[in-house]
Amino acid sequence: MHFFRTIKDTARHIRCRGSVNSKSTLSLQNYATKVSSRSSNSLNIRMCFITEVDFDYGASGGVLNDQKMISCLKEFGNVDVVYFQRKKYRFLSIAFLVFIFDTVRAFSKPYQIYFSRGLVPSAVMAMLKPFFKHRKTVHRNQAAFASSEVKYLKLSPIDSFIRYFLFRFIEKTVLPREDAITVPSSVYKYDLIKEGVEKDKIFVIPYYVENEFFEQPIKHAENETFTFSYIGSFHAYHDIAPLIEAFKILTQNNRNVKLVLVGDGVQRHKIEKLVQKRELDGKVVFSGKIPHSFVPSFLFEVDAFVYMTRTAGMSTSLLEAAAAGKPIITLRKKGDSSLSNCFRDGKEIYMVNNLSPTQIAKALERLYTDSKLRISLAEGARKVALENFNKKATLSELEKLISAVMAR
């Protein structure tokens, strides 16, 4: 387990080292200057951020994205937070009722803008709006429509049918009543416009990656044991099983490789059993969750990053891997071009067309054997992240949003 013991040492090492070349150092300095040079004139807005994400569950992608948004909002005023406390209560029904009550209580207070992540709090506030004048609400979407994600939850046909049409009803009822809607990609903006949402209500607020990820030098030499990595949750829609099958194919060629899986979730036990069945113990390592502060140094240690999921949206861990200068293998998603809209296949990212283990194995083999491609992808990915997923870009678009909402 020397690999994991070196993470903390590597973090200290990175802080003492510069980037590999002066060009990347200059880019990083420009990035830091841009972030710090934003106007210090705060709008002093009183805001409330309401989210269906449970902050008590630790550093998941949803939690991190919400916390980053709250951090940005604090640049413009005071922010109070209401979140779904699922972990605090024994029964889901009690947690849900408490969340609804907290949402109603928050909406009764005179905040100037309410930000909502999730259809439930947005629906509650939409129903209350006629009784509370001058309330400004902003719905925060992770993709175009939550209803489009139901098919990935692997529910029974009846449950899927009910949930899909319930979500569609709420979307059609709630979204027109919002003062603004945010999406992380222009692709989702166009999807909403096609559904009849007013163009002027939709704002693209990109995710951003912290400076610590950009500070790492890009690796030009692989480890003695070439290490692929995954960071994320273990849910059915994360499609880790095809990756395991592909990795088995790769190891049959006597490749000196390892796959490290970081994270946890309901499907972990199933994946562990699959690893045992494929006789990959020792080749596939389950590290569990690690503190988010350790992720930059973890990424420095690995040679490549793999992320397979059919769901719409932009993965936080994938963007962090791009910022860290890792060559990335991911799935080309049908009907969702948010990723390919930013990253060019073969230039800044390596995309496979489906979840065929054979095709994924070919991608793994390609990155394992082609050092020039790895370095090219790593440098390209970092450039895209530096230009599109920095805090300055998020703050700039958020300021436009707040100004527009307050003017209505």
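We did not get these values from a lab; they are worked out from the coordinates using the rules stated. Here the structure is a predicted model, which means the values were calculated and not measured. Backbone-built Cβ (ideal geometry, glycine too); neighbour counts: all protein chains shown.
Leaving out same-chain residues fewer than 8 places away, which lysines sit with a Cα under 17 Å from that of residue 68?
Output for residue 68: 391, 392.
GluC sites (Glu not before Pro), restricted to the range 155-252: which are DSSP loop and have at most 14 other Cβ atoms within 10 Å?
195, 198, 224
If the cut-off is 18 Å between C-alpha atoms, which lysines fall inside it for residue 129, apart from same-chain ones fewer than 8 positions away?
Partners found: 109, 172, 201.
Given just the C-alpha atoms of the range 301-408, how large is their convex hull per residue in cubic angstrom?
Given the Cα convex hull of the range 301-408, per-residue volume reads 107 Å³.
Mind jotting down the distance between the C-alpha centroids of the range 370-403 and the range 83-132, whole Å?
That distance is 33 Å.
Amide H to amide H under 5 Å from residue 45: which residues, 5+ apart in sequence or cross-chain, H placed 1.01 Å off N in plane?
Amide H neighbours of residue 45: 77, 78.
For the range 159-165, what does the Karplus curve 6.51 cos²θ - 1.76 cosθ + 1.60, with θ = phi - 60°, yield as ³J(HN,Hα) per residue in whole Hz, taken in order and with x for Gly and Pro?
4, 5, 4, 5, 5, 4, 6
Express in % the proportion of alpha carbon pairs of the range 211-388 at distances exceeding 20 Å.
49
Based on the alpha-carbon gyration tensor of the chain, what equivalent-ellipsoid semi-axes (square roots of 5 times the eigenvalues) come out, in whole Å, largest first?
The equivalent ellipsoid of the chain has semi-axes of 37, 26, 19 Å.
If each residue of separation counts as 0.36 nm, what is the full-extension length gain between residue 403 and residue 156 once their alpha-carbon separation is subtracted?
Extra length from residue 403 to residue 156 when fully extended: 84.5 nm.
What do you get for trypsin sites (Lys or Arg not before Pro) in the range 271-315 restricted to DSSP loop and a cutoff of at most 16 other Cβ within 10 Å of the site's Cβ?
Passing both the DSSP loop test and the Cβ count: 278, 289.
Most exposed first by the Cβ proxy, i.e. fewest other Cβ within 10 Å, how do 48, 72 rank?
So the ranking, lowest neighbour count to highest, is 72, 48.
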